[in-house]
Structures are given as C-alpha cells and as structure tokens.
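The values are calculated or read from the model by the stated rules, or taken from the named source; none is laboratory data. Please read these numbers as outputs of a predicted model, since none were measured by experiment. All Cβ positions, even for glycine, are placed from backbone atoms using ideal geometry, and neighbour counts span all protein chains on display. Calculation scope for accessible area: heavy atoms of the full protein, side chains included, ligands and nucleic acids excluded. Shrake-Rupley method; radii C 1.70, N 1.55, O 1.52, S 1.80 Å.
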Amino acid sequence: MKHFWKNVANSILNNRIAYLAGVVILAIFMTISASRIQISSELPKILPKSDERFQLYEAFKKRFGEDGSVMVIGVENKQLFTLSFFQQWQDLAAEIKKMDGIKAVVYAGNVPLISKSDTAKRFDIHPLIDHRAVSQAEVDSVKAKLSRLPAYQGLIVTEQGDAHLMMITFNQKSINDKSRVTLVKKIKELAQTFEEKNKVNLHLSGMPFIRTEMTAQISNELGVFLGLSILVTSLILMFFFRNVKVMFFALIVVLIGIVSSLGIIVLFGFKITVISGLIPPLIVVIGVPNTIFLLNKYHEEYANHGNKLLALHTSIEKVGPTLVLANLTTSIGFGVFAFTGSAFLSDFGIVAAINVMLTYLVSLTFIPIVFSYLEAPSAKQTAHLESKRVTKILLGIDKLVHNHRPVIYGIIIVIIVGSIVGMLKIKSIGYIVDDLAEDNPILTDLKFVEKNFKGVMPFEIAIDTYEPGRVMSSPELFTKIKRMEKEFAKYPEFTKAISLVTATKYIYQAYRGGDPKYFVLPGIDELNKLREYNSSIAGKENSFKGFIDSTKRFTRVSFQISDCGTVRTTQLINELQPKIDSIFNYNAETGELYKKGDTRGYDAKITGNSVIYAWQNAYLQGNLMESTLQAIFLICIIMALLFRSWKMVFISTLPSLIPLLITAGLMGYFDIHLKYSTVLIFSIAFGIASDGTIYFLTRYKDELLNNNKTPQEAVSETIANTGLSMFYTAIILFAGFFIFAASTFRGTQSLGILVSITLLMAMICNLVLLPAFLMSLSKREAKKLLQ
C-alpha cells in the first residue's frame with residue numbers, strides 16, 4: 001500500500017494510449033446509452049412498497065383507476081348561456097373529446113340528466129342537450145334544467161352561476177404516459193384560441209395539467225441551468241488559469257461526466273425525474289475541483305524543478321489519494337439516498353454516487369495524460385499560483401489563525417448560538433403546487449378554481465365491505481356514507497362529495513319528478529321502490545363503475561380539496577380518520593367498536609393523491625434527515641480510518657457541521673420551509689464540504705510528517721498552497737450552485753442559495769477554524785494524532 005499511488009502514477013503515464021482509449025470508449029458508450037434516455041411521466045413513488053399506505057393507494061388505483069385523472073378548464077363569464085358563447089363552449093368540448101386519450105368531457109351542457117319512465121319502469125340517462133345548440137331558447141332550457149340539479153352545483157357550476165368548469169377525464173393509459181404531455185399541449189392551444197376569439201380568460205388546472213406543466217417548467221430550467229453552470233465554470237477557470245487549454249480539457253471531463261450520468265440512468269433502467277435531472281448540473285460543479293487540484297499541483301511541482309513528466313507523476317501520486325477520499329465523501333453524501341427505501345430517491349442516490357467516482361477516475365487519468373502531450377506550462381500560465389489578491393487573502397487568514405484564535409472561537413460560538421435560535425424557527429410544510437411565483441399561471445389558475453370550486457386535489461375514502469355484493473345490498477352503508485359526508489361538509493377545504501349516495505339522491509330526485517327538494521337520500525321503503533325500476537341503481541352499475549368495483553365489495557367516496565399544505569392535510573387526516581372509524585364501525589346501542597375484518601362493520605380508509613403527497617412529504621423529511629445523519633456517520637468513519645484518532649475526527653468534522661448549522665439557522669430566520677427540496681441540501685452539502693477538510697488535512701499531514709515542519713509552519717504552508725485550490729474550488733462551487741437562484745421555483749432558488757452559502761461557510765471554516773484547532777496542538781500531539 002505504501003507504493004500504491006506511485007504505481008498508479010507509473011501505470012497511467014506509462015500506458016497513456018491505453019488509458020486515453022479507455023476514456024474515449026467510455027465517452028462513446030455512454031453517449032450512445034444517453035441517447036436512449038426517457039423522461040418519467042408517472043407520479044414519483046416515494047413511499048416504499050412495504051408501506052401499508054402505499055399498498056392501500058395502489059390497490060385503490062387498481063380497482064377504480066387513477067384518481068388524479070381530471071383536468072379542468074374554468075371560466076368566469078355571465079354570458080356563458082348566450083347562444084354564441086355557449087356554441088363555442090360546446091365546440092371546444094367536442095374538439096377535446098375527439099383527442100385520442102381523452103375518456104370524457106363534461107360541461108354545463110352535457111351533464112347527465114336522469115329522467116323516469118313510468119311505463120317502462122326504468123330511469124333513462126341522457127345529456128342536457130345532445131346536439132350543438134341552434135337557438136337561444138335551447139340554451140335557456142339548458143340553463144333552467146341545470147339550475148334544478150343540485151348534484152352539479154359546486155362541481156360544474158357555482159351556486160351563483162357565474163363560474164363554470166369543463167371537466168376533462170384522461171384515460172388510464174394516457175394519464176401516466178408521455179401522450180399526456182401532448183394532450184395537455186393541444187388542450188392549451190385550443191384554450192388559447194378560444195380566449196383570443198372570445199376575449200375571455202380561461203383557467204386551466206387539475207392534476208394532469210399541474211403535473212405536466214410543472215415537469216415541463218422544471219425540465220426546461222434544468223437545461224438552462226446546465227448550460228449556465230458550464231458557462232460560469234468556464235469563465236471562472238479562464239479567469240483563474242488564464243489558459244484556454246485548461247478550460248477546454250476541464251470541460252471535456254465535465255461533458256464526459258454529464259453523458260455518463262445520463263448513460264448510467266439508462267443502464268440501470270431508470271428514467272429522468274425532477275430530482276435525477278439535477279445530476280448533470282451538479283456534476284459540472286462537483287467534477288471541476290478534481291481538475292483544479294491536479295493542475296495546481298502540477299504547476300506547483302513544475303515551477304519547482306521544471307520536469308514536466310515528474311511534475312505530472314507527483315501530481316497523481318500526491319493529489320490522487322486526497323481526491324479519492326474527497327470524492328468518496330461527496331459520493332457518500334449522495335449514496336445514502338439509496339438506502340431511504342424510496343425508489344424516487346434511491347435512483348438519484350445510486351446514479352449520483354457512481355457518477356461522482358466515475359468523474360474522479362476520468363479526471364485522474366485524462367488530465368495528466370492530455371497535459372503530458374501538451375507543451376510545458378509557461379511562466380505566465382503558472383502565475384496564478386502567486387495571484388496577489390488571493391495571496392493577500394490567504395496571508396490575512398494565516399495571520400488571523402496564528403494571532404487571534406480566541407477571537408475565532410468567540411465568533412464561532414456566537415454564530416452557533418444564533419444558528420440554533422434560527423433553527424428552532426424552522427417550519428416543516430410543503431404544497432403540491434410548491435415553490436411557484438405568485439404570478440405563475442399554474443398557481444393563479446389553481447387559486448381561481450379554489451376560490452370558486454374549493455379545489456382540484458383528490459381526497460378519497462376507500463371502503464371495503466368485506467363481502468362481494470354487499471355494496472348494493474346494504475342500505476346501512478348508504479346511511480353511514482351520508483353521515484360521513486355531513487361530517488366532511490363542516491370543513492371549508494372540501495368540495496361536495498361524489499359517491500353512490502350522490503347518485504342515489506339524484507335518482508330519487510328524478511323518481512320524484514325532478515323537484516330539487518327531493519335531492520336527498522330516501523328511506524329504506526323508498527329505496528325498495530327504486531329497485532322496482534329495472535334501470536335504477538341496481539341496473540345501472542356501469543354508469544357508476546368508477547365508484548363500485550367489479551365484485552361490488554368495494555366502493556369509494558370522492559372529495560376534492562384545496563392545496564392547503566401538508567401540515568393542514570395531515571391535521572385533517574388525523575381528525576377525520578377516527579370520526580370515519582366511529583361512523584363505520586361503532587355500534588351506538590352496544591357501545592362496541594368493530595375490529596377490522598368484522599363483517600358487521602366496514603373498513604373505510606382515507607387515501608388519494610393529496611393524502612399520499614402529505615404522507616410522502618413526511619416520509620421524505622424523516623428519511624432525508626436520517627440520510628444526513630448516515631452521511632455524517634460514514635464520513636466520520638472515513639476520518640477515523642484516515643487518522644486513527646477520535647480527537648481528529650472531532651477536529652475534522654466540526655468545520656463541516658457548522659456550515660450546516662448556519663444554513664439551518666438561515667432557513668429559520670428567512671422562513672424557508674423544511675421540505676424534500678431543502679432537506680436534500682444537508683447531506684449533499686456535508687459531503688462536498690468535507691472535501692475541503694480532507695484537502696487541508698492531507699496536505700497538513702504531509703508537511704508535518706514528511707517535511708518535518710512544526711504545526712505552525714505546516715499550517716502556514718498548507719494555507720498558502722492548498723488554500724489556493726480550496727479558494728478556486730469554493731468560488732466555482734459557490735457560483736455553480738448560486739445560478740439556481742435564478743429559478744422561478746422557490747424550492748430550486750432555496751437549494752441554490754443555501755448550498756452556495758453552506759459551501760462558502762465550509763471553505764471559511766476549513767481555512768480558519770480547522771487550522772486554529774490544529775494550531776492548538778503541540779508538535780508531538782499533532783504527529784501522534786496524524787501518524
């Protein structure tokens with residue numbers, strides 16, 4: 001092991017053609033693989049498959065289909081029931097219905113109308129109007145009929161009648177397929193044409209639309225940020241090194257890293273998601289430091305003796321082990337996500353961790369080989385080693401560390417206390433339509449729908465009656481559903497329910513001649529009369545198959561809810577589930593509460609898209625915090641193996657932990673909520689921040705043990721030399737992440753700003769606090785700890 005890195009350097013420089021060919025083959029292979037990349041159209045499955053809540057939701061979707069399959073177009077216009085406007089509203093619905101992948105389009109003109117036929121003893125179902133209106137009288141008739149149908153008030157039309165929704169249901173294939181994107185785009189185009197022609201604003205919302213638009217906006221931004229990160233990194237490299245070749249070959253390494261990240265996603269059978277799309281721009285800013293440290297060491301060695309190959313050999317031998325540890329800690333920061341149990345995060349963690357190490361290997365081989373064929377660096381090209389501005393900053397730091405350690409410790413204590421106070425102010429909350437600017441059309445249109453119709457986020461009750469056929473043969477079940485719906489009506493976040501009870505009330509209204517006052521759940525005797533009609537509830541199950549499974553054992557009650565945030569949603573779940581259990585399983589006469597599986601009761605559970613999101617958000621936060629702790633623990637183990645001393649573990653870990661504490665404090669003070677996009681910051685930033693600690697300590701160890709320097713001399717030498725590379729790296733990392741601040745999504749903005757601040761604080765801690773700790777050790781104690 002003593003000569004391992006010397007042998008690695010010999011192997012690379014003695015077999016340059018073979019290694020270079022390997023890099024080229026890798027680049028070609030990964031490029032071919034990356035060309036097959038696919039973007040995921042499905043909702044991210046964050047809960048593990050073993051989670052009962054996940055299993056309940058998946059079983060629900062298998063029985064009843066995707067609950068978030070309805071897109072809506074809202075309009076606020078008192079002229080809707082004028083002939084011209086109504087005709088165009090009909091035409092819009094007809095055009096959308098023609099599209100392949102659209103299951104149904106429901107609007108004020110074609111809602112199902114139920115009528116009774118006494119002679120045939122049946123109920124007939126037909127739309128309010130089955131053709132394009134040709135007269136104002138027909139439109140007036142539609143309006144009059146609709147006003148007498150309570151079933152649709154608050155769902156299709158507001159009670160005041162001034163706002164309307166067109167409800168577009170996607171079929172089960174298109175909702176989780178890339179065809180959904182095409183459908184949403186076509187519907188948007190039709191809506192825009194309608195707006196221009198009628199000088200009216202339409203409001204598009206619903207889960208298919210929100211998912212498609214948010215994914216498109218995020219994907220577009222990630223492409224822009226990838227380009228910006230490459231541009232910013234190039235400019236900084238050019239500014240520091242004043243050498244086009246350095247910039248060019250550093251970018252080749254980065255580009256290989258980018259195509260490799262996409263290729264690895266394909267090779268593992270994954271698809272690009274919102275989170276895995278972050279990997280390419282991350283690789284840009286994480287991969288460049290490898291090149292900086294290798295070239296700085298190469299230039300430093302060449303300036304000392306003028307032997308190009310020897311300088312490259314020393315660069316590999318000395319910087320190689322430092323970089324492998326630094327990249328390993330970064331890889332761990334990503335890799336811990338693979339153990340969260342969530343496929344969404346696991347894919348991200350696996351790809352990012354592998355790609356960090358792969359980019360390191362490419363840097364270690366490609367950069368020395370390429371520069372071995374180029375001419376030796378000129379005095380102008382090595383002048384950056386003595387940059388007056390950076391040297392002045394580093395000399396100031398060296399003076400501070402040598403002469404003012406108590407001041408350093410005092411400032412750090414004040415910062416820690418302030419950060420803890422701020423950290424205690426952090427709130428944990430997330431929204432389905434999260435992080436959008438106030439004027440973003442997705443948000444403004446959603447607010448329109450919530451204002452007029454309360455919400456579009458699915459909130460479902462899945463009911464298991466335990467026995468096939470029991471749904472349609474148990475009047476008691478209908479009574480219990482009615483009681484539950486009455487309980488939900490007390491909460492302003494919910495729309496009216498849609499269930500078998502809704503259908504029964506509507507049918508009873510038709511049975512009683514269409515009078516709106518009979519839109520009620522009839523008693524048992526009246527229900528029995530309805531059964532005499534061969535096309536009543538018992539004969540029209542197909543019309544309501546979205547609410548009864550094929551065995552007639554399971555049913556559902558559907559609500560829509562506003563995007564009220566995970567905290568409120570969780571509060572509603574916790575309040576309502578016990579009430580639901582009481583309604584469906586409590587016998588008031590005996591005081592007995594039926595256990596699950598008891599056929600005298602029912603198993604009624606809350607589920608649905610908005611519910612799953614709240615659960616996933618809570619699960620993510622818990623697991624991401626665990627991942628951060630795992631990353632800290634694993635990196636501490638690496639430090640322990642490296643230095644064989646728990647005291648050195650403490651000294652080396654604290655400078656990386658304090659920046660995380662500062663970041664948490666800033667989140668509290670600036671009311672940045674804790675959610676999955678911000679929790680990601682901590683484990684990623686800790687892994688990257690630990691790199692600086694390793695860079696500093698390995699150089700310090702070399703100066704102290706191999707060059708026989710005193711701790712004071714070793715600290716000064718390390719600050720002067722490694723400090724330069726750390727400074728360059730920190731500037732690139734800061735700028736590379738800070739570009740995300742330009743995002744239109746507040747979560748992405750927070751990610752960029754907070755990671756940038758964390759890494760800048762990490763550099764300061766590694767250049768100021770870490771050497772201050774080391775200065776406090778005697779030479780004998782330092783050597784003992786480092787040996």
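GLU52 - would you say it is loosely packed, with under 15 Cβ neighbours inside 10 Å and modelled with pLDDT of 90 or more? Break it down into steps so the answer makes sense when it comes.
Working: loosely packed, with under 15 Cβ neighbours inside 10 Å: yes; modelled with pLDDT of 90 or more: yes.
Yes, satisfied.
Does SER35 satisfy the condition of being free of Cβ contacts under 8 Å to residues at least 24 places away in the same chain and more than 30 Å from PRO321 (Cβ to Cβ)? Walk me through how you get there before you give the answer.
Details: free of Cβ contacts under 8 Å to residues at least 24 places away in the same chain: yes; more than 30 Å from PRO321 (Cβ to Cβ): yes.
The answer is yes for SER35.
Looking at the stretch 419-428, is at least one residue modelled with pLDDT under 90 and touching a Ser or Thr at 6+ places or on another chain (Cβ under 7 Å)?
No, there is no match, as no residue in the stretch 419-428 is modelled with pLDDT under 90 and touching a Ser or Thr at 6+ places or on another chain (Cβ under 7 Å).
Tally up the residues in the stretch 550-564 that are assigned to a loop (DSSP other than H, G, I, E, B) and either surrounded by 19 or more Cβ atoms within 10 Å (Cβ to Cβ) or at negative phi (or both), please. Talk me through it step by step, then tell me what you get.
So the first thing to find is which residues in the stretch 550-564 are assigned to a loop (DSSP other than H, G, I, E, B), and the list is 550-553, 562-564.
If we keep only those that are either surrounded by 19 or more Cβ atoms within 10 Å (Cβ to Cβ) or at negative phi (or both) too, we end up with 550-551, 553, 562-564.
Summing the residues that are assigned to a loop (DSSP other than H, G, I, E, B) and either surrounded by 19 or more Cβ atoms within 10 Å (Cβ to Cβ) or at negative phi (or both) in the stretch 550-564 gives 6.
Out of the residues in the stretch 528-541 that are of a type outside the set (D, E, K, R) and at pLDDT 65 or above, state the one that is most open to solvent (accessible area, probe 1.4 Å). Steps first, answer last, please.
Residues of the stretch 528-541 of a type outside the set (D, E, K, R): 528, 530, 533-539.
Right, trim to at pLDDT 65 or above and you get 528, 530, 533.
On the way: ASN528: 78, LEU530: 6, TYR533: 13 Å².
Checking each candidate, the answer is ASN528.
What residue, of THR169, THR193, is farther than 19 Å from GLN38 by Cα, of a type in the set (Ser, Thr, Tyr) and open to solvent by 40 Å² or more (accessible area, probe 1.4 Å)? Write out each step before concluding.
Working: THR169 fails: open to solvent by 40 Å² or more (accessible area, probe 1.4 Å).
When all the criteria are applied, what remains is THR193.
Of (1) open to solvent by 20 Å² or more (accessible area, probe 1.4 Å); (2) over 22 Å from VAL70 (Cα atoms); (3) of a type in the set (Ser, Thr, Tyr), THR444 satisfies all except one. Which?
(2)
From the list GLY257, GLY263, GLY269, which one is open to solvent by less than 40 Å² (accessible area, probe 1.4 Å), among the small types (Gly, Ala, Ser) and out of contact with any Phe, Trp or Tyr (no Cβ under 9 Å at 6 or more places or on another chain)?
Numbers: GLY263 fails: out of contact with any Phe, Trp or Tyr (no Cβ under 9 Å at 6 or more places or on another chain); GLY269 fails: open to solvent by less than 40 Å² (accessible area, probe 1.4 Å).
Of the residues listed, the single one that is open to solvent by less than 40 Å² (accessible area, probe 1.4 Å), among the small types (Gly, Ala, Ser) and out of contact with any Phe, Trp or Tyr (no Cβ under 9 Å at 6 or more places or on another chain) is GLY257.
Looking only at residues that are of a type in the set (Val, Ile, Thr) and modelled with pLDDT under 90 in the stretch 71-130, which one is nearest to PHE453 (Cα to Cα)? If you could, list the steps in order and put the result at the bottom.
Applying the first criterion (of a type in the set (Val, Ile, Thr)) to the stretch 71-130 yields 72-73, 75, 82, 96, 102, 105-106, 111, 114, 119, 125, 129.
Cutting the leftovers down to modelled with pLDDT under 90 gives us 114, 119, 125.
Values: ILE114: 24, THR119: 39, ILE125: 25 Å.
Per the criteria, the residue is ILE114.
Condition (residue is among the hydrophobic types (A, V, I, L, M, F, W, C), surrounded by fewer than 20 Cβ atoms within 10 Å (Cβ to Cβ) and modelled with pLDDT of 85 or more) applied to the stretch 279-295: is it met by at least one residue?
Within the stretch 279-295, the first condition is being among the hydrophobic types (A, V, I, L, M, F, W, C), and the residues that meet it are 279, 282-286, 288, 292-295.
With surrounded by fewer than 20 Cβ atoms within 10 Å (Cβ to Cβ) added as a condition, the list becomes none.
No, that holds for no residue.
Say whether the condition of being among the basic types (Lys, Arg), open to solvent by 40 Å² or more (accessible area, probe 1.4 Å) and modelled with pLDDT under 90 is met by at least one residue in the stretch 604-612.
no
Residues are listed down the side, and each one gets a yes or a no for (1) open to solvent by 20 Å² or more (accessible area, probe 1.4 Å); (2) small (Gly, Ala, Ser); (3) farther than 30 Å from ARG211 by Cβ:
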position: MET71; (1), (2), (3): no, no, no
position: VAL75; (1), (2), (3): no, no, no
position: PRO127; (1), (2), (3): yes, no, no
position: SER141; (1), (2), (3): yes, yes, yes
position: ARG148; (1), (2), (3): yes, no, yes
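Working carefully through the options THR710, THR693, THR758, find the one that is out of contact with any Ser or Thr (no Cβ under 9 Å at 6 or more places or on another chain) and either modelled with pLDDT under 85 or within 27 Å of CYS636 (Cβ to Cβ) (or both).
Numbers: THR693 fails: out of contact with any Ser or Thr (no Cβ under 9 Å at 6 or more places or on another chain); THR758 fails: out of contact with any Ser or Thr (no Cβ under 9 Å at 6 or more places or on another chain).
Of the residues listed, the single one that is out of contact with any Ser or Thr (no Cβ under 9 Å at 6 or more places or on another chain) and either modelled with pLDDT under 85 or within 27 Å of CYS636 (Cβ to Cβ) (or both) is THR710.
What's the number of the condition SER716 fails, among (1) without any contact (Cβ under 8 Å) to a residue 40 or more places away in the chain; (2) more than 30 Å from LEU436 (Cβ to Cβ); (3) open to solvent by 30 Å² or more (accessible area, probe 1.4 Å)?
(1)
Looking at the stretch 376-394 only, could you name the residues that are aliphatic (A, V, I, L, M), at pLDDT 85 or above and either within 43 Å of the chain's Cα centre (by Cα) or loosely packed, with under 10 Cβ neighbours inside 10 Å (or both)? Talk me through it step by step, then tell me what you get.
Going through the stretch 376-394, the residues aliphatic (A, V, I, L, M) turn out to be 376, 379, 383, 385, 390, 393-394.
Right, trim to at pLDDT 85 or above and you get 376, 393-394.
ILE393, LEU394 - these are the residues of the stretch 376-394 that are aliphatic (A, V, I, L, M), at pLDDT 85 or above and either within 43 Å of the chain's Cα centre (by Cα) or loosely packed, with under 10 Cβ neighbours inside 10 Å (or both).
Which residue pairs have Cβ atoms closer than 8 Å, lie 6 or more positions apart in sequence or on different chains, and pair a first residue in the stretch 335-351 that is under 18 Å from SER260 (Cβ atoms) and modelled with pLDDT of 85 or more with a second residue that is among the aromatic types (Phe, Trp, Tyr) and part of a loop (DSSP other than H, G, I, E, B)?
ASP347/PHE268; ASP347/PHE270; ILE350/PHE268; VAL351/PHE268; VAL351/PHE270
Quick check on the stretch 79-97. Is at least one of its residues assigned to a loop (DSSP other than H, G, I, E, B), under 30 Å from ASP162 (Cβ atoms) and open to solvent by less than 20 Å² (accessible area, probe 1.4 Å)? Write out each step before concluding.
Kept after step one, since they are assigned to a loop (DSSP other than H, G, I, E, B), are these residues of the stretch 79-97: 79-82.
Filter once more, so that each one left must be under 30 Å from ASP162 (Cβ atoms): 79-82.
Next, from what is left, pick out any that are open to solvent by less than 20 Å² (accessible area, probe 1.4 Å): 80.
For the stretch 79-97, residues assigned to a loop (DSSP other than H, G, I, E, B), under 30 Å from ASP162 (Cβ atoms) and open to solvent by less than 20 Å² (accessible area, probe 1.4 Å): present.
In the stretch 667-686, how many are outside any helix (DSSP H, G or I) and either within 15 Å of VAL567 (Cβ to Cβ) or out of contact with any Lys or Arg (no Cβ under 9 Å at 6 or more places or on another chain) (or both)? Even if it seems obvious, please write down each step before you answer.
Just the residues of the stretch 667-686 that are outside any helix (DSSP H, G or I), to begin with: 670-675.
Then drop every residue that is not either within 15 Å of VAL567 (Cβ to Cβ) or out of contact with any Lys or Arg (no Cβ under 9 Å at 6 or more places or on another chain) (or both), which leaves 670-671, 673-675.
Here the count works out to 5.
Mind telling me which of the residues ALA462, ALA437, ALA510 ends up being of a type in the set (A, V, I, L, M), farther than 30 Å from MET214 by Cβ and in contact with a Lys or Arg (Cβ under 8 Å, 6 or more places away or on another chain)? Steps first, please.
Values: ALA462 fails: farther than 30 Å from MET214 by Cβ; ALA437 fails: farther than 30 Å from MET214 by Cβ.
Just one listed residue meets the conditions, ALA510.
When only residues in the stretch 516-527 that are touching a residue at least 12 places away in the same chain (Cβ under 8 Å) and over 49 Å from the mean Cα position of the chain (by Cα) count, which is most open to solvent (accessible area, probe 1.4 Å)? Explain how you work it out, then say what you get.
Just the residues of the stretch 516-527 that are touching a residue at least 12 places away in the same chain (Cβ under 8 Å), to begin with: 516, 519-522, 524, 526-527.
Now restrict to residues that are over 49 Å from the mean Cα position of the chain (by Cα): 524, 526.
Details: ILE524: 105, GLU526: 38 Å².
In this case the residue turns out to be ILE524.
Looking at ARG16, ARG63, ARG36, which is the one that is in contact with a helix residue (DSSP H, G or I) (Cβ under 7 Å, 6 or more places away or on another chain) and surrounded by 14 or more Cβ atoms within 10 Å (Cβ to Cβ)?
Values: ARG63 fails: in contact with a helix residue (DSSP H, G or I) (Cβ under 7 Å, 6 or more places away or on another chain); ARG36 fails: surrounded by 14 or more Cβ atoms within 10 Å (Cβ to Cβ).
None of the others qualify; the one that does is ARG16.
Could you give me the residue pairs with C-beta distances under 9 Å whose first residue belongs to the stretch 686-711 and is closer than 30 Å to LEU624 by Cβ, whose second residue is aromatic (Phe, Trp, Tyr) wherever it lies, and which are 6+ apart or on separate chains?
GLY687/PHE334; TYR695/PHE293; LEU697/PHE643
Does the stretch 150-163 hold any residues that are over 15 Å from LEU113 (Cα atoms), polar (S, T, N, Q) and open to solvent by 30 Å² or more (accessible area, probe 1.4 Å), and which are they?
Once the filter is applied, which keeps residues that are over 15 Å from LEU113 (Cα atoms), polar (S, T, N, Q) and open to solvent by 30 Å² or more (accessible area, probe 1.4 Å), the stretch 150-163 yields only GLN160.
Of the residues PHE727, PHE696, PHE670, PHE738, which is open to solvent by 40 Å² or more (accessible area, probe 1.4 Å) and over 23 Å from ILE279 (Cα atoms)?
Numbers: PHE727 fails: open to solvent by 40 Å² or more (accessible area, probe 1.4 Å); PHE696 fails: open to solvent by 40 Å² or more (accessible area, probe 1.4 Å); PHE738 fails: over 23 Å from ILE279 (Cα atoms).
Just one listed residue meets the conditions, PHE670.
GLU301 - would you say it is within 26 Å of ARG16 (Cβ to Cβ), assigned to a helix (DSSP H, G or I), charged (D, E, K, R) and free of Cβ contacts under 8 Å to residues at least 24 places away in the same chain?
Values: within 26 Å of ARG16 (Cβ to Cβ): yes; assigned to a helix (DSSP H, G or I): yes; charged (D, E, K, R): yes; free of Cβ contacts under 8 Å to residues at least 24 places away in the same chain: yes.
For GLU301, the condition - within 26 Å of ARG16 (Cβ to Cβ), assigned to a helix (DSSP H, G or I), charged (D, E, K, R) and free of Cβ contacts under 8 Å to residues at least 24 places away in the same chain - is met.
Filter the stretch 565-597 for residues that are more than 24 Å from ALA343 (Cβ to Cβ), touching a residue at least 60 places away in the same chain (Cβ under 8 Å) and not hydrophobic (A, V, I, L, M, F, W, C) and give the result. Step through it out loud before you land on a result.
The first filter runs over the stretch 565-597 and keeps only residues more than 24 Å from ALA343 (Cβ to Cβ), leaving 565, 567-568, 571-572, 574-597.
Cutting the leftovers down to touching a residue at least 60 places away in the same chain (Cβ under 8 Å) gives us 565, 567-568, 572, 576, 579-580, 583-584, 597.
Of everything in the stretch 565-597, those that are more than 24 Å from ALA343 (Cβ to Cβ), touching a residue at least 60 places away in the same chain (Cβ under 8 Å) and not hydrophobic (A, V, I, L, M, F, W, C) turn out to be GLY565, ARG568, LYS579, GLY597.
Among the residues that make up the stretch 570-591, is at least one of them buried (at least 19 other Cβ atoms within 10 Å of the Cβ) and hydroxyl-bearing (Ser, Thr, Tyr)?
Taking every residue of the stretch 570-591 in turn, none turns out to be buried (at least 19 other Cβ atoms within 10 Å of the Cβ) and hydroxyl-bearing (Ser, Thr, Tyr).
Name every residue in the stretch 586-601 that is touching an Asp or Glu at 6+ places or on another chain (Cβ under 8 Å) and either modelled with pLDDT of 95 or more or part of a strand (DSSP E or B) (or both), in order of residue number.
Across the stretch 586-601, the qualifying residues are TYR586, LEU593.
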